[in-house]
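Data first, discussion second: the structure below is written as C-alpha cells.
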Amino acid sequence: MITTKIRAFLLALALSLSALIAVGAPASVQAEECTKTLKIWSFGDVFLPRLILQYKQQNPGICFDIKKSDLDPLNGTQMITACAAANSHTGPDIAAVEIQYSGYWRAYPQCFVDLRTLKRTSDGKSAKELKSLYLPWRFDNGVAYNGNVIGLPTDVGGLEVAYRWDLLKAKGLPYKRAAVSKAISTWPKFIDFGKQYMAKLTKSEKALKMGFLDNAGAIYTAMINQGTKKYYENNGTAAGKLIYSTNPTIKKAYNTTVTALKAGIGTRVAQFSSDWSVGMQKGKFAMMLAPAWMMDYIKQQASATKGKWDIANIPGGGGNQGGTQLTIPTAGNPLNRQAAWDFLSWYVAPEQQKFAFLTYGMFPTTVSLYKDPEVTGFNDPFFNNAPVGKIYSEGVQKLKPIFAGKYDRAIDKEIGAALTRIDVLISKKKAFNALNEWKTAMTNIAKIAK
Amino acid sequence: MSVDQKEQRSKSPRVMFRSSKKSETSTQVGIYSLNGSWAYLLTSPFFILFLIFGLAPIIYCIYIAFYQWDPLDPSMQVYVGVDNFRELWADSNFWIAVRNTFSIWAFSTIPQMFLAIGIASILRNPVLRAATVWRTLLLIPNITSVLAVALVFGQLFGREYGIINYFIGLSGFERVDFVEDTIPGHIAIAVMIIWRWVGYNSLIFLAAMLAIPNELYESASIDGASKWKTFWYVTLPQLKNTITFFLIVGTIGGLQVFAEPLILGGAAGGANRQFSTLTLFLFEQAFINVNWGYGAAIGLAITFIVLIISTINYFITRRIASSDN
C-alpha cells in the first residue's frame, strides 16, 4: 500500500513538473532581441495589441514595456510624481492622457517634450506639420497654455444616442433611426419623448424600475460640451478666466438635467456599476448616451441583445465624452525620445486610427477618414446596421474648441454631486431646492478654484 | 582649563567604552558579543530606509502644510502661514470626514471583536479536526487585494441586482441603497473590513487563548463552573491585553480606510460625502482639487488625531496593567 502511495506521489510530481516545463518552454524560445525598449504608461485599451505587434514586425529591435493603470491613479498621481522627479529620467517614454485631464496637464508644459521639436526619422515631420491631419478642437486638447504641443489625439469620444429599437417599438413610439433623431432633436423634446415612454410602461415594468434613460445625470455632461465655453474663458492669460458661475451654458445644462431628474426618465443606476451592465443585458433602459468607444463596451456586456440596438443623433447636435492624447513626458529617457516620437506619430496616423475604428469602434481624430468610404460606409450589425461611421463623423465635426482649465475636474465633481443629491431626494419623494444645491456647489468650487 | 583636564575629558568616555566592551566579550556569546559600532552598522538599513521613506516625507509634509503648494509649479508655492489649518478647522467637510471615519471604525471594530473571539473559541476546541486547515483558511481573505474585495463587494451590495438586496427583497423589505444612504453605506464598508481582518484577528485571539495555563481551566471545572462561566471568568480576563492590542491596531487601521470608500463613492466620497473618510478627504484635496498644502494640513490633522487616541490607549493600558497587579 505504501508503494502505491509513493508511486501516486511520483506520478503527480512528474505530471506537475511536465506541466511546468510546458508552460516555461515558449517563454524561453520567444526571448527577443531588443535594441530599444519604450516604456509606456497607459490605461484601458489605448494601445491595441495588434497594432503594437504590427509596429514591432516593421521595426525589429523596438520593444515595448507597457504598464496599464486605472485612469485616475495614472493621470492624477503617477504622472505628477514622475514629473516632479523628471530629472531622474526614470519615468515613461510615452504616457496616455485622458481628455478630462487635458485641462490640468495643459498648465504644465514643462512636464512634456514639445512635439514640434521632434522630427520623424522617416520624413522629418514634427507635430507642426502633422497638425492639419487632426480635428482642430481635438488637436487643441493637446496644446499647452504656452503653445507647446504636448500630445497628439488617438481617438475622439463622439457622443450619440444608443437605443433599443425593439423596446421603443413595443411601446408604439417612433423607433426608426431618422424618426427617433427627429423626435429627440432638442433636449426638451428628448425629455418629452422620455416621458411618453415612461407613461406607457406597464405596472410590472414599473415595479422592475425600468426607465427610459440609464442615468439622467449624463445629460449635464453632454450639454456642457456642446457649447463654446465651459468653466473657463480664454482671456489671453495662461490660466484663463473662471466663468463657471456666470456662464449661461452651465446653468442651462444644470436646469435641464434637474428637469429630466424631476420627470423621472432615468433608472438611477450609476454608469460602469454592475447594476448598469446587468441593466444593459435586461433592457432595463431603452436609451443611453453613447460615446463611440462605448459601442464595443455594449457589445461585450450585452452580447445577447445583438441587432436590437440602433444609433440616433444626440439632441442638440454633436457631443464628446472621452478620448486620449499621447504624450512624451520629460521624465522619460532622453535617448528614447526619437524612437518614442517615431512610434507615437505612427500610432496616431490615419491608417492606424482606421484600423482601431473598424475593429474596436474607437473613433478616429484624423479628418481625412471622415470622407473615407470605408469609415463612412461602415455599418454595424450589432446596432441594426446603423451607419455608425457616418453618424459619428458628422457629430464630432459639429463641436467647437473649448478652453479647458486646471480645475475642470474639481468643478465637474461638485456640480455632479449637487445633481446626485437632487436625484436622491427625488427618489425618496422628499422636497428639494435646485437653486440651493447649485449655491452649495458654487461655494464648494469657490474654495477649490482660486 | 588645563591641558591635563582636557586630556582627561576627551579620554574618559573612551575608557568607559573600552571597559564595557571588555565585560561584554568576556561574559556574552553570539550576537551579544558584537561591539557597539557593529550593532549600528547592522541596524543601519532600517534607519536609512526610515530616514528616506519615513522621516523625510513627514518633514516635507509639515513644511508644505504652511504653503499653498503645487509640486510642479514653483510660482504657485506661496507661504500662507497657518491659513491651511484655520481653513481646515472651519471646513464642514473635514468634520464630515471625521464623523465618517469614526462611524466606519465603530461599525467594523466592535462586531469584529466579538466575531473574532467567537471564532477563536471554536478553533480552540480540542475536538476540532484539521485545526491547521481552518487556521490557514482564516488568513485567505487577508491576503486578497483590497481593490478586488471592494469591487466584488460593490457588486454584492448593488441596489438593483446585488445578491444582498435580492434577499432583502425576498424577505419583504424595501431595497437598501448601500451607496447613496449614509448608514447602510458605512455598514457595507465595515463588512468589507471585517471580512478582510476577522480571520487575522481570530488567530491573534487564538494564540492568546492557547497561552492561558490549563490549570486555570482544570480548577474551574473542579469548582463546577459551566462552559459559559469558564469563558466569562477565566478566558476573557486573560484576554484583556490582547483586546487592548486589537483596539489599538484596529484604530490605526480604521483611520486608514481608503480603497473601499473610493471604489464605492468616488474621490469625493459620494454626493453627500457619505464615504469621505479622512484619508480619502486628503486624497481628494491634494490630487483632485490640486490643493497640496491643504492636503498636507489634513495629513497632520490625522497624525494629531492618532496621537490623541494613542494617549487615551496608553492610559487605558496602564490602568489594565495596574489592575492586574
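Rounded to the nearest Å, what's the spacing between the alpha carbon centres of the range B:87-133 and the range A:55-97? Just the number, please.
For the range B:87-133 versus the range A:55-97, the Cα centre distance is 39 Å.
What fraction of the DSSP beta bridges in the protein assembly as shown is antiparallel, stated in percent and rounded to the nearest 5? Please report the intermediate quantities before stating the final value.
Details: 27 of 40 bridges.
Antiparallel bridges: around 70 percent, rounded to the nearest 5.
Along the charge dipole of chain B, pointing to its positive end and built from +1/-1 on Cβ of Lys, Arg, Asp and Glu, which listed residue (B:Gly162, B:Gly199, B:Ile110) has its Cα farthest out?
My answer, from the dipole projection, is B:Gly199.
Please enumerate, by chain and number, the lysines with C-alpha under 20 Å from the C-alpha of A:Lys354, excluding those fewer than 8 residues away in the same chain.
A:Lys354 reaches A:Lys56, A:Lys131, A:Lys299, A:Lys371, A:Lys390.
About the Cα centre, and with charges only on the beta carbon of Lys, Arg (+1) and Asp, Glu (-1), how big is the dipole of the protein assembly as shown? Nearest 20 debye, please.
On the way: 77 positive and 52 negative charges, 204 e Å.
With only Lys, Arg, Asp and Glu charged at Cβ, the dipole is about 980 debye.
For a quick check: sort A:Asp45, A:Asp423, A:Asp65 by the number of other beta carbons within 10 angstrom, fewest at the front.
In increasing order of surrounding Cβ atoms, one gets A:Asp65, A:Asp45, A:Asp423.
Unpartnered cysteines of the protein assembly as shown (Cβ-Cβ under 4.7 Å counts as a partner)?
B:Cys61
If you consider only alpha-carbon coordinates, what radius of gyration and Dmax does the range A:84-172 have, in Å?
Taking only Cα atoms of the range A:84-172, I get Rg and Dmax of 18.7, 65 Å.
Say the dipole of the protein assembly as shown comes from +1 at the beta carbon of Lys and Arg and -1 at that of Asp and Glu; which of A:Ala417, A:Ala207, A:Thr90 then lies farthest toward its positive end?
Ranked along the dipole, the leading option is A:Ala207.
Shielding of B:72-80 by partners, i.e. mean partner chain Cβ atoms within 10 Å per residue?
Numbers: counts 11, 5, 0, 0, 3, 0, 0, 0, 0.
For peptide B:72-80, the averaged partner shielding equals 2.
Counting DSSP beta bridges with both partners in chain A, what percentage is antiparallel, nearest 5? Could you put the intermediate results ahead of the total?
Values: 25 of 38 bridges.
About 65 percent, rounded to the nearest 5.
Which value at 222 nm does chain B reach when only helices count, each DSSP H run of 4 or more adding -39,500 (n - 2.57), with the total divided by all residues and rounded to the nearest 500 deg cm²/dmol?
Details: 15 runs with 225 residues, N = 325.
That calculation yields -22500 deg cm²/dmol at 222 nm.
For chain A, what is the Kirkwood estimate of the hydrodynamic radius, computed as the reciprocal of the mean inverse distance between distinct Cα atoms, to one decimal in Å? Could the numbers behind the result be given before it?
Working: mean 1/r = 0.0416 Å⁻¹.
Here the Kirkwood hydrodynamic radius works out to 24.1 Å.
Please give me, ordered by residue number, the chymotrypsin sites (Phe, Trp or Tyr not before Pro) of the range B:122-183 that lie in loop per DSSP and have at most 13 other Cβ atoms within 10 Å.
Passing both the DSSP loop test and the Cβ count: B:Phe173.
Which whole number gives the average count of other chain Cβ atoms within 10 Å of the Cβ atoms across peptide B:160-166?
Working: counts 13, 11, 4, 0, 0, 1, 0.
Mean partner shielding for this stretch: 4.
Quick one: plug the Kirkwood hydrodynamic radius of the range B:70-141 (C-alpha pairs) into Stokes-Einstein at 10 °C, 1.306 mPa s, and report D in µm²/s.
It diffuses with D of about 92 µm²/s by this estimate.
Could you bin all the Cα-Cα distances of the range A:286-366 into 10 Å bins starting at 0 and give me the percent of pairs in each, rounded to whole numbers?
P(r) for the range A:286-366, in whole percents per bin: 14, 36, 28, 15, 7, 0.
Tabulate in residue order the Karplus-calculated ³J(HN,Hα) for the range A:171-182, using 6.51 cos²θ - 1.76 cosθ + 1.60 with θ = phi - 60°, rounded to whole Hz; enter x for Gly and Pro.
9, x, 9, x, 10, 7, 2, 5, 5, 5, 4, 6
Which entries in the list A:Lys128/A:Lys189; A:Lys251/A:Lys398; A:Lys182/A:Lys306; A:Lys171/A:Lys229 go over 32 Å, if you measure between the two C-alpha atoms of each?
On the way: A:Lys128/A:Lys189 43 Å; A:Lys251/A:Lys398 22 Å; A:Lys182/A:Lys306 24 Å; A:Lys171/A:Lys229 38 Å.
From A:Lys128/A:Lys189; A:Lys251/A:Lys398; A:Lys182/A:Lys306; A:Lys171/A:Lys229, over 32 Å: A:Lys128/A:Lys189; A:Lys171/A:Lys229.
Whose amide H sits under 5 Å from the amide H of A:Arg116, counting only residues 5 or more places off or on another chain, with H placed in the peptide plane?
Those qualifying (amide H under 5 Å, at least 5 residues apart or on another chain) are A:Ala127, A:Val149.
Which pairs in the list A:Lys67/A:Lys406; A:Lys68/A:Lys406; A:Lys176/A:Lys262; A:Lys125/A:Lys230 are over 30 Å apart, alpha-carbon to alpha-carbon? Before the final figure, lay out the partial values.
Values: A:Lys67/A:Lys406 26 Å; A:Lys68/A:Lys406 24 Å; A:Lys176/A:Lys262 27 Å; A:Lys125/A:Lys230 33 Å.
In this structure, A:Lys125/A:Lys230 lie more than 30 Å apart at Cα.
At 37 °C and 0.692 mPa s, what whole-number value in µm²/s does Stokes-Einstein give for the translational diffusion of the range A:242-294, with Rh from the Kirkwood sum over Cα pairs?
Working: Rh = 13.3 Å.
Answer, rounded: 247 µm²/s.
I'd like the projected area of the protein assembly as shown, averaged over all directions, using the convex hull of its alpha carbons. Report it in nm² with one decimal. If you can, show how the numbers build up before the last one.
Values: hull surface 201.5 nm².
Dividing the Cα hull surface by four gives the mean projection, 50.4 nm².
Search the structure for amide H atoms under 5 Å from the amide H of A:Phe43, placed 1.01 Å from N in the peptide plane, and list their residues when 5 or more places away or on another chain.
A:Ser69
Compute the relative contact order of chain B as a whole-number percentage, counting only Cα pairs closer than 8 Å that sit 6 or more residues apart in sequence. Could you put the intermediate results ahead of the total?
Numbers: 312 pairs, mean separation 78.9, N = 325.
Contact order relative to length: 24 percent.
Could you pull out every residue, at least 5 positions away or on a different chain, whose amide H is within less than 5 Å of the one on A:Asp380? Hs are placed 1.01 Å off N in the peptide plane, and Pro or chain starts have none.
A:Asn385, A:Ala386, A:Val388
Distance between Cα centroids, the range A:330-381 to the range A:114-157: provide it in whole Å.
Taking the Cα centre of the range A:114-157 as reference, the centre of the range A:330-381 is 13 Å away.
Report the FRET efficiency, 1/(1 + (r/R0)^6), for B:Tyr314 and A:Cys34, where r is their Cβ-Cβ distance and R0 is 41 Å, rounded to 0.05. Intermediate results must be reported in sequence, preceding the final value.
On the way: r = 57 Å, r/R0 = 1.38.
Working from the Cβ atoms, E equals 0.15.
Taking the Cα centre of chain B as origin, work out the dipole magnitude from +1 charges on Lys and Arg Cβ and -1 charges on Asp and Glu Cβ, in debye rounded to 20. Kindly include the intermediate steps, with their values, before the conclusion.
On the way: 21 positive and 19 negative charges, 281 e Å.
In debye, rounded to 20, chain B gives about 1340.
As a test of the formula, what do you get for chain A when each DSSP H run with n ≥ 4 contributes -39,500 (n - 2.57) and the sum is divided by the residue count, at 222 nm and rounded to the nearest 500 deg cm²/dmol? Numbers along the way, then the final one.
On the way: 20 runs with 199 residues, N = 450.
Dividing the helical sum by the residues of chain A leaves -13000 deg cm²/dmol.
Residues of A:270-277, mean number of Cβ from any other protein chain within 10 Å of their own Cβ, rounded to a whole number? Don't skip to the end; give the middle numbers.
On the way: counts 5, 0, 0, 9, 10, 9, 3, 3.
Taking all residues of A:270-277 together, the mean is 5.
Quick note: the coordinates plus some simple rules give every number you see, no bench work behind them. Since the structure is predicted, the reported quantities are computational estimates derived from the model, not experimental observations. Because the Cβ atoms are built from the backbone with ideal geometry, glycine has one as well, and the counts that use them run over all protein chains shown.
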